[in-house]
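The values are calculated or read from the model by the stated rules, or taken from the named source; none is laboratory data. Quick caveat, the model's predicted, so the values are computed rather than measured. Cβ sites come from the backbone with ideal geometry, for glycine too, and all protein chains shown count toward neighbours. In case anyone asks, the SASA skips ligands and DNA or RNA and just uses the protein heavy atoms, side chains included. Shrake-Rupley method; radii C 1.70, N 1.55, O 1.52, S 1.80 Å.
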2 protein chains.
Amino acid sequence: MARDGKPTRDKILQESKALILQNGYAGTSIDHILEKTALTKGAFFYHFKTKNDLAKALIEEFIRLDLSTMEAALKNTQDLKDKPLDRLLKFIQIFIDVLAGLKAPHPGCLYASFINESNLFDEEIKKDIAKTILTWRDNIEILMQNILEQYDMVIEEDLNSLADTFTVIFEGGFILSKSVNEPDLTAKQLRHLQNYLQILFVPKK
Amino acid sequence: MARDGKPTRDKILQESKALILQNGYAGTSIDHILEKTALTKGAFFYHFKTKNDLAKALIEEFIRLDLSTMEAALKNTQDLKDKPLDRLLKFIQIFIDVLAGLKAPHPGCLYASFINESNLFDEEIKKDIAKTILTWRDNIEILMQNILEQYDMVIEEDLNSLADTFTVIFEGGFILSKSVNEPDLTAKQLRHLQNYLQILFVPKK
DNA sequence: ATATTTGTACCGTCTAGTCTGTATAATTAA
DNA sequence: TTAATTATACAGACTAGACGGTACAAATAT
């Protein structure tokens, strides 16, 4: 054996992610990553065969983290599973609490970075991103279906798009937040989603 | 004098915009632009001193167009200026009508493209984008202030962030729409904003 | 001792940008 | 009226450096 390479690999992933969120993928050169990590080509190309390989690894790790936070939020609200509206509101609140405490705008979402340069990536990466976005849709939609067992909607609307609103706010919020330099902008948008749900659903008589 | 150069300049702007929305700015090379436009370096660097010069010209034109569509929508709803809630709903409807008719996902917004590679651009470009986003905020906020003269809000919330929701939906909607390949996704999100406003504002007694 | 991990020199290609030359068309002047 | 002039608009070869990627030696830890 030899010394452990995992810290090196992790450092590359971490720094390249930060750089891509600032400069985009094409705007982030391998040399730039090596400069930030104080490594050399040998180390980089030992852990990643190509730059595209790094992209794939980055997205896969990002997706894993994304889905695990979603599952954690679902778990953290399980105690409210027979108060489905309260559960969804608390589900959103978890993310508000994180985003409202930021001192600088959220660095952004890799999905957005990649979709903004989507032609540079192969179909597999794009499929994985879309699949994850639809997983959010599906899971939130289930929470909403539970609500409908006890509530009516003031305005009829498909739950599909209503569930998407959550992700739309994240992606759009991050962009605006970075542009106008207001760290809590996304949290405020999520509050509006809470408001909307609160007055959209009314208890069945 | 010589023959008119404006068609050439316009073609460069048009094609480079399309390419940037697909590949990002750094991912779009000048050679690539020349290939698409069937032009040569001579033509390009006659019209734009540097690549960054092109970026500046692109954003400025994009901003002009963006602000003019906003002003057009404001004008098209002026007849409802003493029914301020109806006016705002119609204002939104104008954009829904456009987005609901798309046969392919909207190509995207240059603001998002640039913000996703924001480190590559000078402060001036970023300031211009932020300023435009805040112009949307301000104008929509005025429409909302007019509403408050006749209506109360079911849930108290600053109009600032409520106005931002419009732009947030656009930016986030475009991203999701491209990823999951659903052209009318953004229009559906705007419908939810209409719903929200409709039940958030109630006539004063 | 040996497999794993990293450093360094190097290669071909692509990149933004320069340079010189040329075609076009309006202007000038005889 | 027309030939010479001039500013505009574009073509295409060229360059220096950055880019992703390779080859292989050196170092590290068991």
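Spin-label model, B:L148/A:K36: points 7 Å from Cα along the beta carbon direction are separated by 4.1 nm.
Note on A:Y46 and B:T50: with the Förster distance fixed at 35 Å, the Cβ-Cβ geometry gives a FRET efficiency of about 0.40.
Normalised by the number of residues in chain A, the average gap of Cα pairs under 8 Å and 6 or more apart makes the relative contact order 24 percent.
Taking K and R as +1 and D and E as -1, what net charge do the other residues with C-beta under 12 Å from the C-beta of A:A18 add up to? Residues near A:A18 contribute +2 overall. Across the stretch A:51-203, the convex hull enclosing all Cα atoms gives 115 Å³ per residue. Accessible area of B:K17 (1.4 Å probe, protein heavy atoms only, ligands and nucleic acids ignored): about 70 Å². All alpha carbon pair distances within the stretch A:13-128 were sorted into 10 Å bins beginning at 0; the resulting P(r) in whole percents reads 12, 34, 28, 18, 6, 1. Full extension of the segment from A:K90 to A:E71, taken as 0.36 nm per residue of separation minus the current Cα-Cα distance, would add 5.5 nm. The sum of -39500 (n - 2.57) across all DSSP H runs of n ≥ 4, divided by the residue count of chain A, sets its helix-only mean residue ellipticity at 222 nm to -23500 deg cm²/dmol. Each 10 Å bin from 0 upward holds the following percent of the Cα-Cα pairs of the stretch A:40-108: 17, 30, 25, 18, 8, 1. Among complete DSSP H helices in chain A, those whose alpha-carbon atoms stretch at least 15 Å along the helix's long axis and whose mean Kyte-Doolittle hydropathy reaches -1.0 are A:6-23, A:51-76, A:84-100, A:123-148, A:159-180, A:185-200. All Cα-Cα distances of the protein assembly as shown, cut into 20 Å bins from zero to the largest, leave 25, 55, 19, 1 percent in each bin in turn. Taking a sphere under 15 Å around the Cβ of B:N139 and counting the other residues whose Cβ falls inside, with K and R at +1 and D and E at -1, yields a net charge of +1.
Its relative contact order, with pairs defined as Cα atoms under 8 Å and 6+ residues apart, puts the stretch B:57-155 at 38 percent. Working note: Debye formula, equal point scatterers on the alpha-carbon atoms of the stretch B:1-40, no solvent; log10 I(q)/I(0) at q = 0.20 Å⁻¹ is -0.56. Using only protein heavy atoms and a 1.4 Å probe, how much accessible area in total is buried between B and A, to the nearest 100 Å²? The buried area between B and A, both sides summed, comes to about 4100 Å².
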